[in-house]
1. Find all pairs meeting these conditions: Cβ atoms under 9 angstrom apart; at least six residues apart or on different chains; first residue within region 198-226 and touching a residue at least 60 places away in the same chain (Cβ under 8 Å) and surrounded by fewer than 19 Cβ atoms within 10 Å (Cβ to Cβ); second residue of a type in the set (S, T, N, Q) and in a helix (DSSP H, G or I).
2. Only one of 314, 279, 336 is assigned to a loop (DSSP other than H, G, I, E, B), touching a strand residue (DSSP E or B) at 6+ places or on another chain (Cβ under 8 Å) and among the hydrophobic types (A, V, I, L, M, F, W, C). Can you tell me which?
3. Just to verify a result, which residue in region 132-161, among those that are farther than 19 Å from residue 298 by Cα and of a type in the set (D, E, K, R), is surrounded by the most Cβ atoms within 10 Å (Cβ to Cβ)?
4. Report, by residue number, each residue of region 93-115 that is modelled with pLDDT under 95, touching a helix residue (DSSP H, G or I) at 6+ places or on another chain (Cβ under 6 Å) and not in a helix (DSSP H, G or I).
5. Any idea which of (1) farther than 30 Å from residue 139 by Cα; (2) over 26 Å from the mean Cα position of the chain (by Cα) is the one residue 365 doesn't satisfy?
6. Can you say whether residue 60 is over 25 Å from the mean Cα position of the chain (by Cα) and open to solvent by 70 Å² or more (accessible area, probe 1.4 Å), as far as the supplied structure shows?
7. I'd like to know if region 217-231 contains one or more residues that are in a strand (DSSP E or B), of a type in the set (Val, Ile, Thr) and under 21 Å from the mean Cα position of the chain (by Cα).
Amino acid sequence: MSKLLIFIPSIEDGGVEKNLFLIANYLTNKKLNVSLITADKEKKFFFNRKLDFISPSSSYWSKKGRFLKTIICFYLLFKFYLQNKDFLILSFQANIYAIFFSIIFNLKIITRSNTAPRGWSSNIFKRYLFKIFFKFPKTVIVNSLDFKKDLDKEFKIKSTCIYNPFNDKIVKTKSQEKILFKFFNKKKGSINIINIGRMTDQKDQILILKALNNLKTKMKFKCLILGKGTNKLKLNNFITDNKLNDKIKLSGFKFNPYPFIKMSNLFILSSRYEGLPNVLLEAQYLGKFIISTNCPTGPREILLDGKAGKLIKVGDQEQLEKAILYYYNNKNSSNVSNKISFGKKNMKRFDFKINCYKYYKVIKKYI
């Protein structure tokens, strides 16, 4: 049997990585001969022991940026090729590098894209490269139907849509972990808001802060933002300058965010673009009301055109304020509870086993 090689130079702490762990371990359990190349040596314990985990011997590389991680992994990929010759590449990251390698050595490749093209295709050079290189993979896997529509139109290809595999058992178990967290307000007249994501321009958390600053005299709330990133100082400064420290808290990245989601009432996603945001699935499963930007792509599909939550325009602070205030004034209404229950009832399409099996079927065609 030919081998499957998963290529992901940098294993970080986001939704892509959650999907990676689930998919890689599922494929290994299906008795495929799976190897994985990454620069992040310390992430080995997330994977099935039967998976052939390949990384640099030193943890030095795990502290470097994506570019240097990709270079060292490209070297490891070449070494792997010299020993194996015949294998299928499943690229989770650095797709151009992986496709280039597959062309040089005449290997089959499947790539996975996780962010809608409208988020990065404004870069003319990058768009030109992808138009050339996207012709070579056996298929390009995307994680939402809107994403597929955008990608196929932009790059004249036929991609394969497979939703992110959602494992409700993991979320349920981890959400029951007891934590000491006294920031949220338990009083009936107050709401607890949460946002989870990298603190970057893409996630646009400053939109939430500006909206809440305008609403601070109109309602009682506590807001928690979990994540790390380049915009942390900017967000902190806004909170301090507007005397919001007792209302808004930045708590950094959490390996287990589910108890925090469980303790909240309202989940807000403020992104400018996504692929299929896992955090919305997690909040939906844990029974939270969701307000999300209708960004490309994913939120509209998850929230079923607004039947399972509230969709607002990207970057529209006024709409966000109105949506938050609506929830605050109607949190106990049947309309709010119906949206929450409708979303949870319709989560079957994201089921872990269904979507991992779709990966398995696609890979089996070429292995």
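1. Qualifying pairs under 9 Å: 210/317; 214/317; 219/329.
2. 314
3. Out of the qualifying residues, it is 138.
4. 94, 114
5. (1)
6. Yes.
7. Yes, there is a match, as at least one residue in region 217-231 is in a strand (DSSP E or B), of a type in the set (Val, Ile, Thr) and under 21 Å from the mean Cα position of the chain (by Cα).
Results for (1) assigned to a helix (DSSP H, G or I); (2) open to solvent by 70 Å² or more (accessible area, probe 1.4 Å); (3) over 15 Å from residue 360 (Cβ atoms), shown as yes or no for each residue.
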| residue | (1), (2), (3) |
| --- | --- |
| 10 | no, no, yes |
| 18 | yes, no, yes |
| 25 | yes, no, no |
| 35 | no, no, yes |
| 39 | no, no, yes |
| 45 | yes, yes, yes |
| 48 | no, no, no |
| 67 | yes, yes, yes |
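The values are calculated or read from the model by the stated rules, or taken from the named source; none is laboratory data. Just so you know, these numbers come straight off a predicted model, no measurement behind them. Neighbour counts are summed over all protein chains in view; Cβ atoms, including those assigned to glycine, are modelled from backbone coordinates with ideal geometry. To get the accessible areas, we keep the full protein, side chains included, count just its heavy atoms, and leave off ligands, DNA and RNA. Shrake-Rupley method; radii C 1.70, N 1.55, O 1.52, S 1.80 Å.
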